[in-house]
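Quick notes on the structure that follows.
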Amino acid sequence: MPNRNRRILVTGAVGQVGTELVPALRDRFGAEHVIAAGHRTQPSEGFRNAGPYTTVDATDMDGLKALLQEHDIGVIYHLATLLSADGEKDPERAWRVNLGSLKNVLDLGVELEMDQIFWPSSIAVFGPTTPRVDTPQRTILEPTTMYGVTKVAGENLCNYYFTRYGLDVRGLRYPGLISHETFPGGGTSDYSVEIFVAAIERGHYTCFVNADTALPLMYMDDAIRATVGVMAADAARISVRTSYNVSALSFTAGELAAEVSGRVDGFTCDFEPDFRQAIADSWPDSMDDSVARRDWGWKPEYDLPTLVDAMLNGVREKLGGAWPRV
Ligand code: VAH
């Protein structure tokens, strides 16, 4: 049985998911129970002061081991990663960071007898040969980005450490995540966040994918609930140890622009694809997440209108702070 006295470590804690996962875990388990670990990105003062914060380079095995022992960690949410667009700019670094850090986490998970490990996969595991609509849980995984390659390799590494060592590793194939608490960078789905900031700041956005580009997308509140939900599930119900498909919405960049236009007077959007179009084109339009719904009761709560309302309200509130210019 998990030792509930041992603490939780979140790596990549200052990233798009970590910034919202850390508070959610602290609400559930107590602020002092959750150690937030960043690396290069500087946290806001509020984030740094909200509970235990440190930095770690998860590719450094000795440094990571020392951190796990110092704080008596029993559960790791290992979020540190290079995303798809940044990964294509430096594939070698993407492999080293994404896979090197995961291997360290898994090896230390066995050596220090971690109770649980969470690791995020992505729809980036899919490629041009994968069925594009209602992509099944088990299907062809031939990604055309290094980020996707690291996610396929990582999923199989997690499954191996469960099968070989009994390590309780769980993962989710996150869709493109849409949030307003951090400004994401280095991803292909970033247009789905940038559009809200640009609409409020300038009333115009130039989108870097075509209007008819459809992707599986999800509001961050749903992603956090899925993450907490899969980790809270009885281990006997977990039938997937690579990573679960979890889905919420599928819509095109043009549909998103139309929803924003209906709420922001005078907003206009044009579409000028860049190198990220080819990455988006390699990913599916929608995912089948029936296995996650069956195994541990996954169910999204946000539809497109409620997502857009939440994002516009959140970005308007956030713009009082220091948002970078898109
Ligand atoms: C990216 N936001 O764009 C990430 C995500 C599905 C996309 O993995 O790389």
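The values are calculated or read from the model by the stated rules, or taken from the named source; none is laboratory data. Owing to the predicted nature of the structure, the values given are computational and were not obtained by experimental measurement. All Cβ positions, glycine included, derive from the backbone under ideal geometry; neighbour counts span all protein chains shown.
Numbers below:
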item	result
Within the stretch 175-193, considering residues that are in contact with a Leu (Cβ under 7 Å, 6 or more places away or on another chain) and assigned to a strand (DSSP E or B), the one nearest to the ligand (Cβ to nearest atom)	G176
Positions within the stretch 128-140 being within 19 Å of S290 (Cβ to Cβ) and more than 14 Å from the ligand (Cβ to nearest atom), in sequence order	P131, R132, V133, D134, P136, Q137, R138, T139, I140
Answer residue from the stretch 223-241, given it is surrounded by fewer than 23 Cβ atoms within 10 Å (Cβ to Cβ) and not hydrophobic (A, V, I, L, M, F, W, C) and is farthest from the ligand (Cβ to nearest atom) among those	D234
Selection within the stretch 115-127 - within 16 Å of the ligand (Cβ to nearest atom) and either farther than 15 Å from G87 by Cβ or of a type in the set (K, R) (or both)	F118, W119, F126
The lone exception for A198 - which of (1) within 16 Å of the ligand (Cβ to nearest atom); (2) closer than 25 Å to P43 by Cβ it fails	(1)
Criterion (under 20 Å from V22 (Cα atoms), within 14 Å of the ligand (Cβ to nearest atom) and not in a loop (DSSP other than H, G, I, E, B)) met by exactly one of L172, L217	L172
Count - residues of the stretch 220-246 that are of a type outside the set (S, T, N, Q) and in a loop (DSSP other than H, G, I, E, B)	6
Single match in D274, D309 (criterion: surrounded by fewer than 16 Cβ atoms within 10 Å (Cβ to Cβ) and outside any helix (DSSP H, G or I))	D274
Those residues of the stretch 10-40 which are of a type outside the set (A, V, I, L, M) and within 16 Å of the ligand (Cβ to nearest atom), in sequence order	G12, G15, Q16, G18, T19, E20
Any chance G203 is at pLDDT 95 or above, buried (at least 22 other Cβ atoms within 10 Å of the Cβ) and either within 19 Å of the chain's Cα centre (by Cα) or closer than 19 Å to D309 by Cβ (or both)	no
The lone exception for L68 - which of (1) under 20 Å from R7 (Cα atoms); (2) more than 21 Å from the chain's Cα centre (by Cα); (3) free of Cβ contacts under 8 Å to residues at least 40 places away in the same chain it fails	(3)
Selected residue (only one of F251, F196 is outside any loop (DSSP other than H, G, I, E, B) and crowded, with 23+ Cβ neighbours inside 10 Å)	F196
Residue match in the stretch 145-158 (condition: modelled with pLDDT of 95 or more, within 18 Å of T227 (Cα to Cα), crowded, with 18+ Cβ neighbours inside 10 Å and more than 16 Å from the ligand (Cβ to nearest atom))	yes
Meets criteria (within 16 Å of the ligand (Cβ to nearest atom) and of a type in the set (S, T, Y)) for S250	yes
Considering residues of the stretch 254-271 that are part of a loop (DSSP other than H, G, I, E, B) and not hydrophobic (A, V, I, L, M, F, W, C) only, the residue farthest from D234 (Cα to Cα)	G266
Number of positions in the stretch 78-114 that are away from the ligand (no atom under 15 Å from the Cβ), among the acidic types (D, E) and either assigned to a helix (DSSP H, G or I) or within 18 Å of Y174 (Cα to Cα) (or both)	3
